[in-house]
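The values are calculated or read from the model by the stated rules, or taken from the named source; none is laboratory data. Worth saying up front: this structure is predicted, and the values here are computed from it rather than measured.
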């Protein structure tokens, strides 16, 4: 849990925190959460991206900073190594 808490607090991958809490998606659906079709999500995301200034579009990147990834992986490996066999 500490690893994902770190991710949430630093704001690197906030949506992963929501999926790692162990709560079933069914609870969210019963509470009214609705998922969108992938096609409309992609279309709307592209439409939003095209509204960005060209200099911002040129700085497109995916994933997290390499140093942060290394930090998270190190923490995960340490946690895994400390588990009883």
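Miscellaneous remarks
- Of the residues contained in segment 9-17, none is found to be outside any loop (DSSP other than H, G, I, E, B), within 20 Å of the chain's Cα centre (by Cα) and at pLDDT 85 or above.
- Against the conditions (1) part of a helix (DSSP H, G or I); (2) modelled with pLDDT under 85; (3) within 17 Å of the chain's Cα centre (by Cα), residue 67 satisfies every one except (2).
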